[in-house]
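Following: one structure in structure tokens, then a few remarks.
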Amino acid sequence: MDLGIIGYQRCGKTTIFNAVTKGNAATGAYGAGVQPNIGVVKVPDARLDQLAKLFSPKKFTLADIRYIDFPGDAFSTGQGPSPQFLAQLARCDALIHVVRVFKDETVAHPAGSVDAARDITAMDLELAFADAAFIEKRLERIEASTRSMKTSERGEAERETVLLQRLKAGLEADQPLRAQEMSAEEQKLLVNYQFLTDKPLLIVLNIDEGNAAHAPEIEAEYAGAEAGPHTAVAAISGKIEQELAQMSDDDAAEFRKDLGITEPGLDRMIRMSYQLTGLISFFTVGPDECRAWNVHAGATAPIAAGKIHTDLERGFIRAEVVHWDDLLAAGSMAEAKKQAHVRQEGKGYVVQDGDCLNVLFNL
Ligand SMILES: Nc1nc2c(ncn2[C@@H]2O[C@H](COP(=O)(O)OP(=O)(O)O)[C@@H](O)[C@H]2O)c(=O)[nH]1
Ligand SMILES: [Mg+2]
């Protein structure tokens, strides 16, 4: 899964990328030819940490996601983003818009002043504009290709035209696609498109070092900045998180305590971006390995089994399922069974976030 990090120049994208990936990419890097930074991150999961204590497994494996830190100038040229850049963004599963809130006289803002609400609106407009332009081109192409068709052949093209026109009108009325209502049939017509405003969007407010302890209040202040589903707001201090990322876990915990940061902001940001993509986690647990897997919400047990191995999907018989907190409370699989928390589920079972699965299969 790919998460694209976007935002205006010097808002702290690369700083936050470094914090998230524990990387060392150059900050303040601009100009033509600057390539995106790509890093892989394990999704922290406190539930699996707790389950592992029951099993003392030989291996402990978390799910992972890829972060792509796009160069700063893509949105700051005044001419709009390039087609290549838009194509890269279109391939991401979700977007993270880093917004500068921190004040620092030595770091110039491309718009000349720090105004987070303005930047959020401006970026939304850029993304909506890119989608609207794409729709326009697509409408022209449909029109050209239907001209030579018989009326009887035009059905699908006409349905798509009506839908695209409606979506474009919505975009022009400040409605991102993710907030526009679509029937299942309409969604099917769009399945091959990768619209930017249809992607889940996480706004990350990059706040002042001195305000790190106030992240929850600042978050609440901006909670309404993005209306609509599949959006969220997280506030963190990129600068502090980048420094913390270079420390040992114990030192970082100590430092957080000194700063009054109650919650590891970075872990929360990673978790939020993960949740936004619509993926859920399930676990496989035992003395050999405790492992987190991800699958799309709504996936059935065989699909989830297929994430573990395709053989498990093909030969799926049933799954023994216990929710992670029932297993934890019981203290062992045997005790969970005794307490009737372990269910036998068939092919139609929809896997829930936090389920522990043991797949029984036949080859
Ligand atoms: N004071 C302060 N400076 C920051 C913070 N985040 C980034 N910077 C500085 O802003 C400049 C640009 O940061 P960078 O991460 O390269 O921004 P990008 O262009 O969005 O990738 C660098 O000099 C950073 O040190 C922050 O939270 N506080
Ligand atoms: Mg950068």
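What to note about this one:
- Of the listed requirements (1) at positive phi; (2) in contact with a Pro (Cβ under 8 Å, 6 or more places away or on another chain), residue 68 misses just one: (1).
- Among the candidates 329, 297, 304, 292, residue that is open to solvent by 60 Å² or more (accessible area, probe 1.4 Å), closer than 22 Å to residue 93 by Cα and among the hydrophobic types (A, V, I, L, M, F, W, C): 297
- Scoring residue 270 on the criteria (1) of a type in the set (Val, Ile, Thr); (2) farther than 22 Å from residue 21 by Cβ; (3) out of contact with any Asp or Glu (no Cβ under 8 Å at 6 or more places or on another chain) leaves a single failure, condition (2).
- Within the stretch 1-11, the set of residues being near ligand 1 (Cβ under 6 Å from one of its atoms), open to solvent by 10 Å² or more (accessible area, probe 1.4 Å) and modelled with pLDDT of 90 or more comprises 10 only.
- Residues that are more than 10 Å from ligand 2 (Cβ to nearest atom) and modelled with pLDDT under 95, drawn from the stretch 36-60: 38, 39, 40, 41, 42, 43, 44, 45, 46
- Hey, residue 135 in contact with an Asp or Glu (Cβ under 9 Å, 6 or more places away or on another chain) and in contact (Cβ under 8 Å) with a residue 12 or more places away in the chain or not: no
- Only residues that are open to solvent by 60 Å² or more (accessible area, probe 1.4 Å) and more than 16 Å from ligand 1 (Cβ to nearest atom) were counted across the stretch 34-53, and they come to 6.
- Which numbered condition residue 161 misses (of (1) under 26 Å from residue 92 (Cβ atoms); (2) in a helix (DSSP H, G or I)): (1)
- For the stretch 23-35, the count of residues that are at pLDDT 95 or above and not small (Gly, Ala, Ser) is zero.
- Meeting the requirement of 2 or more residues that are more than 25 Å from residue 99 (Cα to Cα) and free of Cβ contacts under 8 Å to residues at least 24 places away in the same chain, the helices (runs of 4 or more DSSP H) wholly within the stretch 225-320 are 249-259, 301-308, 310-314.
- Looking across the stretch 180-211, the residues that are under 23 Å from the mean Cα position of the chain (by Cα), part of a helix (DSSP H, G or I) and closer than 30 Å to residue 15 by Cβ come down to 196, 197, 198.
The values are calculated or read from the model by the stated rules, or taken from the named source; none is laboratory data. All values reported here derive from a predicted model rather than from experimental measurement. Neighbour counts run over all protein chains shown; Cβ positions are idealised from the backbone, glycine included. The protein model used for the area step is the full one, side chains on, heavy atoms only, and it has no ligands, DNA or RNA in it. Shrake-Rupley method; radii C 1.70, N 1.55, O 1.52, S 1.80 Å.
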